[in-house]
1. For segment 235-273, which trypsin sites (Lys or Arg not before Pro) are both in a DSSP coil and crowded by at most 15 other Cβ atoms within 10 Å?
2. Ranked by Cβ crowding within 10 angstrom, fewest neighbours first, how are Ser52, Ser130, Ser91, Ser227 ordered?
3. Could you give the length gained on full extension between Glu113 and Ala23, defined as 0.36 nm per residue of separation minus the Cα-Cα distance, in nm?
Amino acid sequence: MATRTTRSRKPDVVQQPENQSRAKWTAPLTKTLADLMVDQIQKGNRSNKSFSKKGWKFICDNFRIQTGYWWDNDQLKSRYVALRKQYINVSLLLDHPDFKWDEATGAITATEEAWDRYIKEHPDAETVRSMGCPIYNQLRMIFAEAGPYQKQNGSAKENETMPCSPGDQIVKVEQLSPSESEKYADLASRKRGRKGVEDAIARGILEMAAATKLRAEAIKNFNGKFSITDCVRALDELQGVDDQVYHVALDLFIDRNARETFLTLRVEKRLIWLQRKCLNCALP
């Protein structure tokens, strides 16, 4: 009797549900995550430049509810790290006067020549060139350093009011334009009866205008001396920096004192300093 060979049946391959597989981020999904992060910042659920356990739980739970994608917490936190790098890259780009961010459309505009020059040195900017950064406002709220020198509409803008010494009147730069100063000087020369007093007023206004402009330039130079841009460039030039140390460094650069320390150190000491900071962050 002929025997029949029975072919063993291969076990069925269990397909991983789509919402548990590798996260595929789209612009709407990224915006949902960023909006949830901004909401938690406004509610005070941020700790040590990240989010508290309560904040992360709210973000992860509500992301799943709103989108239907049950990605795990590590996937959402990885996106947070990617958004931080995106914010730094876009901020570096907008530090160049040739580039402007359009808040209405999210596009970043510049001439073709400016784009070509920049992308030649920063190939990663090709994505920003084609897609812009519609959530740049949210990224600024999540990652930007608070202070008197803020980013507005993709370009730096100084406080219009400059601080004077205690007891002095606060003077606005735009109130002391050269044309207005000349107006006061002409008025003083016409009114001879009060010439002495008004000449003194005119001189005082001109001196205040000059002093205010000097203060503005000093603050601008102070804030630009140890910039995030300079720190990231120096970080990219270091050899042997792993991903963990790199991401810790990006967090540290939010603090101006840390930026000053990093750039002041000799090049061969910078990686050791960053590794120690990384170790401190890992301690409970």
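1. Arg266
2. Fewest-to-most Cβ neighbours within 10 Å comes out as Ser130, Ser52, Ser227, Ser91.
3. Going from the current span to full extension adds 28.9 nm.
FYI, it's all coordinate maths here, none of it is from the lab. Keep in mind the model is a prediction, meaning the values are calculated, not measured. Cβ coordinates were reconstructed from backbone atoms using ideal geometry, including for glycine residues, and neighbour counts include every protein chain displayed.
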